[in-house]
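Worksheet: one structure, shown below.
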Amino acid sequence: MGISSTCFIPLLFLSLIAGCAARPLYPLPSKLDIHKQPLQTSRPYNLAHRGSNGEFPEETAAAYMRAIEEGADFIETDILASKDGVLICHHDVFLDDTTNIADHKEFADRKRTCMVQGVNTTGFFVVDFTLEELKTLRAKQRYSFRDQQYNGKFPIITFEEYISIALDAQRVVGIYPEMKNPVFINQHVKWADGKKFEDKFVDTLKKYGYKGAYMSKEWLKQPIFIQSFAPTSLVYISNKTDSPKIFLIDDVDILTEDTNQSYSEITSDAYLNYIKEYCVGIGPWKDTVVPVANNYSQTPTDLVARAHALDLQVHPYTYRNEHQFLHFNFLQDPYREYDYWINKIGVDGLFTDFPGSLHNYQELTSPVSKDNRASKLLHKIAVLISSNGKV
Amino acid sequence: MGISSTCFIPLLFLSLIAGCAARPLYPLPSKLDIHKQPLQTSRPYNLAHRGSNGEFPEETAAAYMRAIEEGADFIETDILASKDGVLICHHDVFLDDTTNIADHKEFADRKRTCMVQGVNTTGFFVVDFTLEELKTLRAKQRYSFRDQQYNGKFPIITFEEYISIALDAQRVVGIYPEMKNPVFINQHVKWADGKKFEDKFVDTLKKYGYKGAYMSKEWLKQPIFIQSFAPTSLVYISNKTDSPKIFLIDDVDILTEDTNQSYSEITSDPYLNYIKEYCVGIGPWKDTVVPVANNYSQMPTDLVARAHALDLQVHPYTYRNEHEFLHFNFLQDPYGEYDYWINKIGVDGLFTDFPGSLHNYQELTSPVSKDHRASKLLHKIAVLISSNGKV
């Protein structure tokens with residue numbers, strides 16, 4: 001079939017679209033089998049905090065892919081913006097602790113001091129670098145006591161690259177992106193079309209087909225939680241997307257970035273009643289849910305009870321294997337910490353740097369197996385038999 | 001009944017015996033129920049290395065009692081001797097790292113320099129203190145990153161006190177005492193009856209009824225492994241007690257204290273063939289069984305294979321939860337390390353500072369439950385049913 005002149009312009013137009021579209025117009029051969037193992041919904045969510053960053057530098061493709069390998073239900077990320085308005089995955093607004101920016105002498109003059117959530121911070125800020133410049137940097141492991149062998153190997157990734165990692169997985173994997181430091185970003189980054197950070201965030205999700213209320217059919221195909229410490233950002237996007245939202249809560253002495261509200265105010269019954277119109281849950285810092293003294297867990301507060309009474313999920317952060325992060329009552333054993341939070345406190349999800357360990361714990365104690373119903377039936381038989389006498 | 005003069009001397013004699021005997025002549029009321037839960041023998045042994053010293057200061061009564069609470073199969077200890085020849089539980093020949101000796105100004109002049117296994121060591125040595133003096137000291141936690149709250153609370157205990165802890169447990173708990181630094185002890189401590197350290201060690205075991213070859217009826221009632229780095233000590237006691245013995249093996253560059261033999265010599269096939277006449281197993285340092293490079297486990301050596309070919313058990317030391325001790329391939333997860341050593345390397349016992357974590361791991365992955373046989377039967381039924389169609 002020849003290309004006649006009447007087809008030319010439509011074809012040109014079509015190829016432009018194909019070039020701009022997020023995904024190929026045809027399914028890749030490897031993706032033809034559309035039956036993916038679904039998201040598990042029978043036990044608390046395994047939320048890979050910044051990917052599997054106990055092993056790989058945080059928020060890199062490698063960290064996310066390993067988290068998926070290890071069985072995470074959701075991969076979590078923090079969204080910031082570059083100087084030219086591209087949404088990227090990075091936790092800190094500055095680059096010093098997680099990249100090799102210090103080795104890039106060509107950028108030495110970009111170091112400056114910025115006010116970040118009321119604190120004067122000196123360093124190299126993501127908002128002063130274009131995406132192209134950021135892509136020349138390489139990630140490094142934040143904690144000195146973790147494996148340093150991947151330092152200098154992986155770049156910062158974009159929001160879209162992160163989404164692709166989730167969508168390309170062999171099973172259904174959810175995303176859990178945060179609108180991070182929105183006040184700071186909107187102060188420093190302007191978009192030509194007049195839109196702001198939160199708009200761009202939602203636009204990206206829509207581009208990749210994320211929609212649907214919690215547990216809806218569309219949501220189960222592409223699970224997502226949107227998170228933020230800034231309540232006004234969550235409220236702002238509430239009529240732009242019906243994807244479920246989680247309100248993050250920082251330590252007891254930190255005020256919200258956008259509304260300067262205190263911990264006691266935003267965890268009050270009145271406030272939780274308000275926020276639950278917009279959110280399906282909260283993400284508190286775990287040491288405020290169960291206070292700590294002398295590195296021992298104390299009596300839990302009533303935050304989880306009150307949240308659950310309002311049908312709000314609770315996803316505390318962050319669970320880490322290293323003893324520096326484990327209170328003495330857990331006897332240096334991360335599995336005991338999981339056991340306590342899952343069985344005693346009853347949380348609905350856990351942000352962890354070690355999704356492999358959490359997955360291991362959950363598989364050992366509450367497996368999601370095909371034999372689950374058979375096991376239950378056999379257990380009933382066993383009970384019948386043993387109550388009737390010797391086996 | 002009056003005490004006639006003919007009964008007086010026998011009664012006096014009897015009361016002397018009662019005063020000297022190890023245990024009361026009559027069973028305590030709490031010990032009348034003699035049916036104790038037996039030692040588990042269906043999976044590798046959980047050996048509480050110096051007691052549960054991840055939590056309590058090592059080798060204290062509290063550490064041993066917690067280890068028993070947590071499910072350890074054996075409690076392990078190191079036997080040294082005081083100046084007046086009392087056998088005590090203590091790992092180091094010096095007191096500096098594990099007691100508050102530094103606070104006891106009355107002993108300040110006892111500090112001296114001694115040759116310990118070829119190394120000039122300065123400190124306060126146990127062999128320079130009588131038991132009474134040692135009993136005024138209090139133990140402290142060796143590692144700064146472990147709980148310090150018990151420092152100053154617990155004394156050093158004697159070999160006999162340690163044995164009583166094991167015998168008084170509600171279930172059968174084995175002991176695993178080491179003849180520690182026997183060359184050093186025999187150099188510095190002399191017993192009036194001309195006996196030496198190894199004799200006193202065996203005398204104590206006999207006093208408490210420890211006897212019987214591995215897996216014999218008597219052994220199962222009072223399980224025990226005797227351990228030492230000094231092969232001549234093990235050989236010396238071999239005709240004095242039939243209790244099973246374990247030959248400990250130190251790092252690749254350390255020579256044996258008594259015979260100055262090298263690692264490669266004592267792990268050679270001819271030597272293992274020799275030592276197996278006296279021992280039922282070996283206790284190697286785990287980083288020699290599976291060498292380490294860049295904090296990653298490398299290819300395992302053939303030591304376990306060769307030992308098992310000679311029917312020698314392998315009990316490596318020491319498994320600890322903290323990331324400082326976990327190689328990066330275990331992803332900061334102590335359960336990953338247990339899994340590797342139990343399922344990939346196939347060891348027969350594990351010395352751990354965290355018997356609670358090991359017990360937890362073993363209970364989750366290979367439970368020793370009353371329902372064990374019933375579970376197996378039901379599993380067979382399940383397989384039958386599922387192979388015949390839907391449940």
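The values are calculated or read from the model by the stated rules, or taken from the named source; none is laboratory data. What you are looking at is a predicted structure, and each value in this text was computed from that prediction instead of being measured. Note that each Cβ is placed from the backbone with ideal geometry, even for glycine, and that neighbours are counted across all protein chains shown. Remember, those area values only see protein heavy atoms, side chains included, never the ligands or the DNA or RNA. Shrake-Rupley method; radii C 1.70, N 1.55, O 1.52, S 1.80 Å.
Summary table
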quantity	calculated
Matching residues in the stretch A:264-274 - criterion: being surrounded by fewer than 19 Cβ atoms within 10 Å (Cβ to Cβ) and in a helix (DSSP H, G or I)	A:SER264, A:GLU265, A:ASP269, A:ALA270, A:TYR271, A:ASN273, A:TYR274
Condition broken by A:ARG146, with the remaining ones in (1) open to solvent by 10 Å² or more (accessible area, probe 1.4 Å); (2) part of a loop (DSSP other than H, G, I, E, B) satisfied	(1)
Scan of the stretch B:188-213 for residues that are small (Gly, Ala, Ser) and open to solvent by 40 Å² or more (accessible area, probe 1.4 Å), ordered by number	B:ALA192, B:GLY194, B:ALA213
Residue in the stretch A:187-198 that is touching a Ser or Thr at 6+ places or on another chain (Cβ under 9 Å) and either more than 25 Å from A:CYS114 (Cβ to Cβ) or acidic (Asp, Glu) (or both) present	yes
Of all residues in the stretch B:303-330 being part of a loop (DSSP other than H, G, I, E, B) and in contact with a His (Cβ under 8 Å, 6 or more places away or on another chain), the one that is farthest from B:ILE246 (Cα to Cα)	B:GLU322
Residue check for A:HIS91: in contact (Cβ under 8 Å) with a residue 24 or more places away in the chain, within 19 Å of A:GLU132 (Cβ to Cβ) and surrounded by fewer than 22 Cβ atoms within 10 Å (Cβ to Cβ)	no
Top-ranked residue of the stretch A:275-298 - restricted to ones that are of a type in the set (Phe, Trp, Tyr) and without any contact (Cβ under 8 Å) to a residue 40 or more places away in the chain, ranked as nearest to A:ILE345 (Cα to Cα)	A:TRP285
Matching strands (runs of 3 or more DSSP E) fully within the stretch A:39-96 where at least 1 residues are modelled with pLDDT of 95 or more and more than 25 Å from A:ASP203 (Cβ to Cβ)	A:45-48
The one condition in (1) surrounded by fewer than 22 Cβ atoms within 10 Å (Cβ to Cβ); (2) at pLDDT 95 or above that B:TYR361 fails to fulfil	(1)
B:GLU133 being assigned to a loop (DSSP other than H, G, I, E, B) and among the charged types (D, E, K, R)	no
Test set (1) closer than 19 Å to B:GLN362 by Cβ; (2) open to solvent by less than 40 Å² (accessible area, probe 1.4 Å) - B:ASN343 fails condition number	(2)
Qualifying residues in the stretch B:331-365 (those that are part of a loop (DSSP other than H, G, I, E, B) and within 11 Å of chain A (Cβ to nearest Cβ)) - the one farthest from B:PHE225 (Cα to Cα)	B:LEU331
Qualifying position, being surrounded by 14 or more Cβ atoms within 10 Å (Cβ to Cβ) and among the acidic types (Asp, Glu), among A:GLU277, A:GLU322	A:GLU322
Of all residues making up the stretch B:97-126, the number that are assigned to a strand (DSSP E or B) and open to solvent by 50 Å² or more (accessible area, probe 1.4 Å)	6
Pick from the stretch A:366-380, criterion open to solvent by less than 60 Å² (accessible area, probe 1.4 Å) and facing chain B (nearest Cβ under 7 Å), ranking: modelled with the lowest pLDDT	A:ALA374
Residue, most open to solvent (accessible area, probe 1.4 Å), within the stretch B:225-258, restricted to residues that are touching a Leu at 6+ places or on another chain (Cβ under 7 Å) and hydrophobic (A, V, I, L, M, F, W, C)	B:PHE229
Enumeration of residues in the stretch A:299-318 that are of a type in the set (A, V, I, L, M, F, W, C) and touching a residue at least 24 places away in the same chain (Cβ under 8 Å)	A:LEU303, A:VAL304, A:ALA307, A:LEU310, A:LEU312, A:VAL314
Answer residue from the stretch B:288-299, given it is surrounded by fewer than 16 Cβ atoms within 10 Å (Cβ to Cβ) and under 27 Å from the mean Cα position of the chain (by Cα) and is farthest from the other protein chains (Cβ to nearest Cβ) among those	B:PRO291
Residue satisfying condition, being in a strand (DSSP E or B), of a type in the set (A, V, I, L, M, F, W, C) and open to solvent by less than 60 Å² (accessible area, probe 1.4 Å), within set B:ILE175, B:ILE156, B:ILE165, B:ILE185	B:ILE175
Residue satisfying all of: in the stretch A:214-224; of a type outside the set (A, V, I, L, M) and open to solvent by less than 60 Å² (accessible area, probe 1.4 Å); farthest from the chain's Cα centre (by Cα) among these	A:SER216
The stretch B:321-330, residues that are more than 8 Å from chain A (Cβ to nearest Cβ) and either of a type outside the set (S, T, N, Q) or touching a residue at least 40 places away in the same chain (Cβ under 8 Å) (or both)	B:PHE325, B:LEU326, B:HIS327, B:PHE330
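Rundown of residues vs (1) without any contact (Cβ under 8 Å) to a residue 24 or more places away in the chain; (2) of a type outside the set (Asp, Glu); (3) within 14 Å of chain A (Cβ to nearest Cβ), yes/no style:
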| residue | (1), (2), (3) |
| --- | --- |
| B:ASN120 | yes, yes, no |
| B:GLY123 | no, yes, no |
| B:ASP128 | no, no, no |
| B:THR136 | no, yes, no |
| B:ALA139 | no, yes, no |
| B:PHE145 | no, yes, yes |
| B:ASN151 | no, yes, yes |
| B:ILE157 | no, yes, no |
| B:GLU160 | no, no, no |
